[in-house]
Amino acid sequence: MANYYVFLGPPGAGKGTQAKVIAEKLHLAHISSGDIFRENLSKKTELGKQAQEYMNRGELVPDGLTIDMIKERLQRPDCADGAILDGFPRTPAQADALAVMLKELHGEVMAVPLITVPDGLILERMSGRVSCRASGHVYHTKYNPPAVAGICDVDGSELYQREDDKAETVQKRIDVYHAQTAPLIEYYSKADLVKEVDGTLEIDQVTGQILSAMKSK
Ligand code: AP5
């Protein structure tokens with residue numbers, strides 16, 4: 001049985017930051033729907049072209065496109081022992097689709113760490129976020145700066161600010177989270193999988209809380 005973990009939380013909560021560290025620590029695959037879309041955008045694939053307008057407006061990409069993309073990703077060999085899902089599912093329809101996919105893969109959602117941060121902190125997190133072009137490593141100019149400004153510590157690639165981190169788009173993404181993704185808290189609470197984690201703590205402290213949450217089933 002393969003173990004899957006769904007990291008939930010609003011934009012800027014720290015899902016990507018934590019998923020990268022924990023996936024490495026636990027030797028699990030890290031599947032970030034946002035990173036896969038951004039990779040397709042930069043390679044100008046058909047999927048990237050279809051996703052771009054939704055992403056730039058801060059809206060969700062339609063379920064059909066997103067589900068097909070994740071289905072393909074979950075079938076790759078690195079997911080055989082399980083994975084951390086960061087940014088997927090994001091609607092109840094996606095969660096239903098994930099349940100079907102995992103059944104076919106003989107997998108199970110073991111825990112759903114919910115990283116909470118107040119809306120007021122999100123704008124500050126987004127305005128200081130810089131990400132690397134090569135592999136999506138994430139930094140914050142104030143809270144988690146790279147050793148050399150503008151350069152990724154891990155692979156030396158250029159750091160850039162995401163198109164959808166402009167203030168007006170961030171507010172739209174927060175609204176979309178509350179309307180379309182927050183219902184997943186209830187969805188997974190019914191199976192007693194949701195473990196709340198305080199996302200306002202230091203990055204290392206949040207990692208510790210998530211690791212405990214992942215063990216607690
Ligand atoms: P996506 O890339 O998934 O964006 P998101 O969920 O809005 O989350 P973010 O990546 O913005 O934030 P995060 O929680 O990962 O925070 P991070 O670790 O970077 O999605 C982008 C778009 O793609 C969507 O709007 C949609 O259009 C589309 N999409 C993606 N998935 C989809 C799906 N399933 N269905 C439909 N559409 C989909 O941290 C943020 C900043 O804070 C960083 O600078 C970091 O260094 C800093 N930070 C992190 N933790 C801390 C801490 N504890 N203290 C201080 N600073 C911290």
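The values are calculated or read from the model by the stated rules, or taken from the named source; none is laboratory data. If you're wondering where the values come from, they're calculated on a predicted model, not measured in any experiment. In this analysis, Cβ positions are derived from the backbone assuming ideal geometry, glycine residues included, and neighbour counts consider all displayed protein chains. For accessibility, only protein heavy atoms count, side chains too; no ligands or nucleic acids. Shrake-Rupley method; radii C 1.70, N 1.55, O 1.52, S 1.80 Å.
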*asked:* Can you tell me the length gained on complete extension of the stretch Lys25 to Ala134, counting 0.36 nm per residue apart and subtracting the Cα distance?
replied: 37.2 nm
*In terms of the Cα gyration tensor, with a ≥ b ≥ c the square roots of its eigenvalues, is segment 80-119 rounded because a/c is under 1.5, prolate because a/b exceeds b/c, or oblate?*
oblate
_Once neighbouring chains are kept in place and the probe is 1.4 Å, which whole percent of the accessible area of the chain is contributed by carbon and sulfur?_
52
_At a 10 angstrom cut-off on C-beta neighbours, averaged per residue, how do the peptides 119-127, 193-201 rank from highest to lowest?_
193-201, 119-127
*asked:* Give the list, by residue number, of cysteines in the chain with no other Cys Cβ closer than 4.7 Å, or say none.
replied: Cys79
*Looking at the chain, send over the antiparallel percent of its DSSP beta bridges, to the nearest 5.*
25
*Out of segment 21-54, which trypsin sites (Lys or Arg not before Pro) are coil in DSSP terms and have no more than 13 other C-beta atoms within 10 Å?*
Lys43, Lys44
*Can you give the accessible area per residue of the chain, in Å², using a 1.4 Å probe?*
50
*Note the full-extension length gain between Asp68 and Asn144 as 0.36 nm times their separation in residues minus their Cα-Cα distance, in nm to one decimal.*
24.0 nm
*Per the Kirkwood definition applied to all pairs of different Cα atoms, how many angstroms is the hydrodynamic radius of segment 70-217?*
17.3
*Efficiency by 1/(1 + (r/R0)^6): what FRET value for Glu196 and Ala99, r their Cβ-Cβ distance, R0 = 25 Å, to the nearest 0.05?*
0.70
_For peptides 140-148, 167-175, sequence by mean Cβ density within 10 Å, most packed first_ = 167-175, 140-148
*Too long at a 26 Å Cα-Cα cut-off: which of Lys142/Lys215; Lys71/Lys190; Lys166/Lys195; Lys44/Lys103; Lys44/Lys195; Lys43/Lys195?*
Lys142/Lys215; Lys166/Lys195; Lys44/Lys103; Lys44/Lys195; Lys43/Lys195
_Looking at the calculated P(r) for segment 1-110, what percent of the C-alpha pair distances fall above 22 Å?_
29
*asked:* For the chain, what does the helix formula give at 222 nm: sum of -39500 (n - 2.57) over DSSP H segments with n ≥ 4, over the residue count, nearest 500 deg cm²/dmol?
replied: -13500 deg cm²/dmol
